[in-house]
Amino acid sequence: MSTIVNAQRVHATGPAEMMKWEELSLAEPGPGEARVRHRAIGVNYIDIYFRSGLYPAPTGLPFVPGQEGCGIVEAVGEGVSAVKPGDRVAYVGPLGSYATARNVPADRLVLVPDGVDDAIAAGMMLKGMTVQYLLRRTYRVTPETVMLFHAAAGGVGLIAGQWARHLGVRTIIGTVGSDAKAELARAAGYTHVINYRSQDFVAEVRKITEGAGCDVVYDSVGKDTFPGSLDCLRPLGMWVTFGNASGNVPDFSPGLLSQKGSLFMTRPSLFAYIAKRADLEATAADLFDVVKKGAVEIQLNQTYALIDAIAAHKDLEARRTTGTTVLLP
């Protein structure tokens, strides 16, 4: 027996208006799947990459965007033992979360502990687990680390500032696009904040570090911060490019890394870091721990009805949002 759901669906890639509000028939969960009735759905910049066509949807067209949500398990398929009907769960998984309900591979679901709100859980899984692997695994920060984080007032950036402060990092530099966003970044733990619209961020980083440069630069902006991010690093420093908010980094010769100080570069993705069930559980547990103890506050600054997802995407693309954004079914 199928279930009728409502969803945002993309039949052709392009601007936000390509999302269409439709009624769909959802099959019963198959083997290894669980049907989740959403209570809240996370919005992330990667959703725009898929909707616009920058990233091709693995399922092809048409598709339902979104990879993050929180809700209640309604039914499970054959062979599922990790969750059961009635469990409150959250996930980052395959495309399809912009819907009132969906089937999710059960091995991608984690139980949401008491004390974590539905909307917070929905909006923090991708961003929060991204920060976890960036700070704890890609480049393991210490109190002595000098770090630069671009888009410090964004959803990932605000979590990163707080988490780095919790880990005792003493020099946390962030870039933002307005004075208002600078205040948000400072409140989130950044010790130095640079408004890249009115300041040369490379020159400011050099001034802050007295010419030494940073140990690591976390860069989700892409085109607009290249090659400046490399110029902010000390010799043997690491450039972690994990997003393309302003467009793709242009092609360049690996020799550039040598010329600028034998730099390291990595292009990580969350899904590689949580591909194994044990890694997913450990990463989520670390995130839930810092949120429950109050070390990291998930700043839920925008909510939209699921039917209004077009407006959410437009605001995100225009950089009118800060912190975390969720859709409510």
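The values are calculated or read from the model by the stated rules, or taken from the named source; none is laboratory data. Not measured: the values here are computed from a predicted model. For neighbour counting, all protein chains shown are included, and Cβ atoms are generated from backbone atoms with ideal geometry for every residue, glycine included.
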(request) Among residues belonging to the stretch 311-322 that are at pLDDT 95 or above and surrounded by fewer than 18 Cβ atoms within 10 Å (Cβ to Cβ), point out the one that is farthest from Met19 (Cα to Cα). (result) Asp315
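For the stretch 208-232, how many residues meet the condition of being in a loop (DSSP other than H, G, I, E, B) and over 24 Å from the mean Cα position of the chain (by Cα)?
Summing the residues that are in a loop (DSSP other than H, G, I, E, B) and over 24 Å from the mean Cα position of the chain (by Cα) in the stretch 208-232 gives 5.
Is it true that Glu17 is exposed (fewer than 13 other Cβ atoms within 10 Å of the Cβ) and within 20 Å of Leu328 (Cα to Cα)? Steps first, answer last, please.
Details: exposed (fewer than 13 other Cβ atoms within 10 Å of the Cβ): yes; within 20 Å of Leu328 (Cα to Cα): yes.
Answer is yes for this residue.
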(message) Against the definition (on the phi < 0 side of the Ramachandran plot, without any contact (Cβ under 8 Å) to a residue 12 or more places away in the chain and in a loop (DSSP other than H, G, I, E, B)), how does Ser253 come out, yes or no?
(response) yes
(request) Specify the residue that is nearest to Tyr45 (Cα to Cα); the eligible residues are those in the stretch 292-305 that are hydrophobic (A, V, I, L, M, F, W, C) and modelled with pLDDT of 95 or more. (result) Ala305
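Conditions (1) under 26 Å from Leu54 (Cβ atoms); (2) at pLDDT 95 or above; (3) assigned to a loop (DSSP other than H, G, I, E, B), marked per residue:
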| site | (1), (2), (3) |
| --- | --- |
| Arg234 | no, yes, no |
| Val240 | yes, yes, no |
| Ala284 | no, yes, no |
| Val290 | no, yes, no |
| Ile307 | yes, yes, no |
| Thr324 | yes, no, no |
(message) Regarding the stretch 231-253, can at least one residue be identified that is within 30 Å of Cys70 (Cα to Cα), loosely packed, with under 14 Cβ neighbours inside 10 Å and in contact with a helix residue (DSSP H, G or I) (Cβ under 8 Å, 6 or more places away or on another chain)?
(response) yes
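Quick grid of which residues meet (1) out of contact with any Gly (no Cβ under 7 Å at 6 or more places or on another chain); (2) closer than 25 Å to Ala121 by Cβ:
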site	(1), (2)
Leu26	yes, yes
Arg37	no, yes
Tyr45	no, yes
Ser52	no, no
Pro56	yes, no
(request) Report, by residue number, each residue of the stretch 27-80 that is hydrophobic (A, V, I, L, M, F, W, C), outside any strand (DSSP E or B) and over 28 Å from Ser220 (Cα atoms). (result) Ala27, Val80
(request) Filter the stretch 95-109 for residues that are under 14 Å from Gly42 (Cβ atoms) and either part of a loop (DSSP other than H, G, I, E, B) or β-branched (Val, Ile, Thr) (or both) and give the result. (result) Leu95, Gly96, Ser97, Tyr98, Val104
(message) Being surrounded by fewer than 24 Cβ atoms within 10 Å (Cβ to Cβ), over 30 Å from Thr59 (Cβ atoms) and touching a residue at least 12 places away in the same chain (Cβ under 8 Å) narrows it down to one residue among Arg88, Arg108, Arg140, Arg170; which is it?
(response) Arg170
